[in-house]
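Asks: Got a structure for you, questions after.
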Amino acid sequence: MQKIKRFYESAGSAPAEGGYGVTLDGRPVRTPAKAPLVLPSAALAAAIAEEWQGQDKDIDTGSMALNNLACTAIDIVGPQRPRIVDDLVDYGGHDLICYWSDAVDDLLRRQQDHWQPLLDWAAEALNAPLVKTCGIVSQDQPPESLAALRAAVEQHDAMALTGLAAAVQASGSLVIGLALSHGRMEAEEAWTVSLLDEAYQQERWGEDAEARKRQAALHQELDAAGRFLSLLREGVSAESA
């Protein structure tokens, strides 16, 4: 990850045009594309300021997950919104939690315990019933359900869409990502349910260092996405109060 020398004494947050900004020694932070870093939530702006304040003599941009997500929202996701939405809906067309074990075993029981409630939630809360199948053969989903998933994704503004995309990419499931975005589950549970198959196989055959490293990275990505989405919801709650 890129590192640069710390060039400021203190970081903070303050109201800015269109929302809340992050400041370094009173000067507003900009994104890599030089756009103003303006957040819709005071809580998110304060959390990003804490990331900047917590840097040592060298600034490790890779350690500032919230800042990176916010910059991605402004520089990339906003301008490319239609493509991002399409990509996420594609996940829903072949969602991880629709592919179940083809054996009556402990994995199937775990899927019943953890995946079925999510499928029920998608059907009831999102009006998107999905068809599950056994094995890995691709299963097409009802067009009406995909349209409902698209509508759910499109309800997200650029900031929330960025958090949702990060969660979906880390978990491999649009339903899990939407559940995290809606506050239906926390990041820890999202990580656990997304790795049901892999965890089961590791219990049977053992795990290796590469798998642990990859899983830890996905854990961090889901934690960051979950916190980002939670801080955005705090902003919405504060405005509604």
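The values are calculated or read from the model by the stated rules, or taken from the named source; none is laboratory data. Since the structure is predicted, the reported quantities are computational estimates derived from the model, not experimental observations. Virtual Cβ from ideal backbone geometry, glycine too; neighbours counted across all protein chains shown. What goes into the accessible areas is simple: the full protein's heavy atoms, side chains included, and nothing from ligands, DNA or RNA. Shrake-Rupley method; radii C 1.70, N 1.55, O 1.52, S 1.80 Å.
Asks: Could you check, for the stretch 30-51, whether at least one of its residues is surrounded by 19 or more Cβ atoms within 10 Å (Cβ to Cβ) and more than 20 Å from Arg233 (Cα to Cα)?
Replies: no
Asks: Quick one: in the stretch 117-138, of everything that is in contact with a strand residue (DSSP E or B) (Cβ under 9 Å, 6 or more places away or on another chain) and outside any loop (DSSP other than H, G, I, E, B), which residue is farthest from Val153 (Cα to Cα)?
Replies: That would be Cys134.
Asks: Restricting to the stretch 58-109, give me the number of residues that are open to solvent by 60 Å² or more (accessible area, probe 1.4 Å) and touching a strand residue (DSSP E or B) at 6+ places or on another chain (Cβ under 9 Å).
Replies: The total comes to 2.
Asks: Among the residues of the stretch 174-199, which ones are part of a loop (DSSP other than H, G, I, E, B), within 15 Å of Asp120 (Cα to Cα) and open to solvent by less than 40 Å² (accessible area, probe 1.4 Å)?
Replies: Met185
Asks: In the stretch 11-43, what residues are of a type in the set (D, E, K, R) and closer than 17 Å to Gly54 by Cβ?
Replies: Once the filter is applied, which keeps residues that are of a type in the set (D, E, K, R) and closer than 17 Å to Gly54 by Cβ, the stretch 11-43 yields only Asp25.
Asks: Would you check which residues across the stretch 200-216 are open to solvent by 50 Å² or more (accessible area, probe 1.4 Å) and in a helix (DSSP H, G or I) and list them?
Replies: Scanning the stretch 200-216 gives Gln201, Glu203, Arg204, Trp205, Ala209, Glu210, Arg212, Lys213, Arg214, Ala216.
Asks: Quickly run through the stretch 200-222 and pick out the residues that are in contact (Cβ under 8 Å) with a residue 40 or more places away in the chain and under 14 Å from Ala170 (Cβ atoms).
Replies: Leu218, Gln220, Glu221, Leu222
Asks: Taking the options Ser173, Ser145, Ser194, name whichever one is modelled with pLDDT of 95 or more, touching a Pro at 6+ places or on another chain (Cβ under 7 Å) and either aliphatic (A, V, I, L, M) or over 24 Å from Ile48 (Cα atoms) (or both).
Replies: None of the others qualify; the one that does is Ser145.
Asks: Tell me which residues, restricted to the stretch 119-170, are closer than 30 Å to Asp75 by Cβ, open to solvent by 10 Å² or more (accessible area, probe 1.4 Å) and of a type in the set (S, T, N, Q).
Replies: Across the stretch 119-170, the qualifying residues are Gln155, Gln169.
Asks: Suppose we filter the stretch 139-163 for residues that are more than 20 Å from the chain's Cα centre (by Cα) and in a helix (DSSP H, G or I); how many remain?
Replies: Qualifying residue count for the region: 4.
Asks: Please list, ordered by first then second residue, the pairs with beta carbon atoms under 7 Å, 6 or more apart or interchain, first in the stretch 174-199 and over 21 Å from Ala152 (Cα atoms), second open to solvent by 40 Å² or more (accessible area, probe 1.4 Å) and among the charged types (D, E, K, R).
Replies: Leu196/Arg110
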